[in-house]
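The values are calculated or read from the model by the stated rules, or taken from the named source; none is laboratory data. Treat the numbers as computed from the prediction; the structure is a model and nothing was measured. All Cβ positions, even for glycine, are placed from backbone atoms using ideal geometry, and neighbour counts span all protein chains on display.
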Amino acid sequence: MTTNPPGAKLILLITTHRVAPGLLSWPAWEALRSAGRVLAGDAGHPQLPALRQAGVEVELVAPGSAPALARLLTGAAADGAAGHGHGNRDAAGDGNRDGDGDGTTVWLGSPDGDPGLTDALARLAVERAGEVPEIEVLPGSYDLPGSRLLDLVSVMDRLRSPGGCPWDAEQTHASLVKYLVEEAFELVEAIEEGDRDTLREELGDVLLQVFFHSRIAEEHPTGAFSIDDVAGDIVEKLMYRHPHVFGDTEADGAAEVEANWETLKAAEKSDRESVLDGVPAGLPALAYAAKLVSRVRRSGFEGVPDEPYELPAELTAESAGRLLLAVAQRAHDAGLDVDAALRAAARGYRDAVRAAEGLKPAD
């Protein structure tokens, strides 16, 4: 039975396209610079320019199918170890190297992750016990937290660009408003229902809206901005409004943090004439009333008395509205979210009606 030469080793070097080329771990650079052979299957691999600049010679091979690639790599590792110090062969079997390096063969993982390669290598190891070289999987770079957002940037750009999706290409800020509102309410429902799987999905749908609007904004002829500008602005705002974290301001407890936030926010919006400026009138009616009450309470404004909290003898559109406003005022003072409270009551009413109909509660 044929056995591998002593020291035959194959390193599968895995990198991520979400990290700038050349930003590899120290073990990865050590493996690359000391290897007898470094192989790659993609002439456009993003790491190649950085490796060549660092003096690492890379041999290009035709990978073929996963089983074919597995056989090629194990054979190259065996040849590399056998020829170590004696002028080893290239992947095609022709001697064209000078024998430097430690005899290890490094495979620079393809950008697509070489689907099926590890399974093919495992099968070879079982079928040809004693003939397959030592195999090591070496992560050369790791995704940083938030790095998948780069993929979303790329996907959104592809959808919006020529040759992408015709529907996505036609959308505007205005046409997407209804989807943004719908997704936000679906997210609220997932939170209130405690549905973790749906929560994750709906967070993604809301995130998509932010990236979609930002991609559209890049095309504006005079006021263009990108997702990086959006992220940069909110980072600056968060750091400015959290001086107790990023500065030297002291804050004891959440109440003091909130007070500092409001003070800084008021300074930013010093050009506002009314304490109610900036409250979006497009909010649902009850949420709009609750937001107005919150602004009034926070400012300490007392120029307008609260609505009477009593059921009028005859309900009209005006008296019903004033009663609901009175409820919003009392709910705020009690620390309650009146909008969430009404939704919860409505869901209970819905389930009671379904139960009376002999039906199960709604999902």
Would the range 109-122 turn up any residue that is out of contact with any helix residue (DSSP H, G or I) (no Cβ under 6 Å at 6 or more places or on another chain), small (Gly, Ala, Ser), at pLDDT below 50 and surrounded by fewer than 18 Cβ atoms within 10 Å (Cβ to Cβ)?
no
Which of (1) surrounded by fewer than 21 Cβ atoms within 10 Å (Cβ to Cβ); (2) closer than 24 Å to residue 119 by Cα does residue 54 not meet, given it meets every other one?
(2)
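Residues are listed down the side, and each one gets a yes or a no for (1) among the small types (Gly, Ala, Ser); (2) within 20 Å of residue 293 (Cβ to Cβ):
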| position | (1), (2) |
| --- | --- |
| 321 | yes, yes |
| 331 | yes, yes |
| 334 | yes, yes |
| 341 | yes, yes |
| 345 | yes, yes |
| 351 | no, no |
| 354 | no, no |
| 359 | no, no |
| 362 | yes, no |
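One line per residue, one yes/no per condition, for (1) within 40 Å of the chain's Cα centre (by Cα); (2) surrounded by 13 or more Cβ atoms within 10 Å (Cβ to Cβ):
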| site | (1), (2) |
| --- | --- |
| 315 | no, no |
| 328 | yes, yes |
| 339 | yes, yes |
| 342 | yes, yes |
| 346 | yes, no |
Of all the residues that make up the range 175-218, how many are at pLDDT below 95 and among the small types (Gly, Ala, Ser)?
3
Within the range 118-176, how many residues turn out to be touching a Lys or Arg at 6+ places or on another chain (Cβ under 8 Å), within 24 Å of residue 15 (Cα to Cα) and not hydrophobic (A, V, I, L, M, F, W, C)?
8
With the structure loaded, tell me whether residue 291 is under 22 Å from residue 188 (Cα atoms) and not assigned by TED's automatic domain parsing to the domain that holds residue 191 or whether it fails that test.
yes
Somewhere in the range 152-162, is a residue touching a residue at least 60 places away in the same chain (Cβ under 8 Å) and more than 22 Å from residue 230 (Cβ to Cβ)?
no
Residues 211, 246, 185: which one is of a type in the set (Phe, Trp, Tyr) and within 25 Å of residue 169 (Cβ to Cβ)?
211
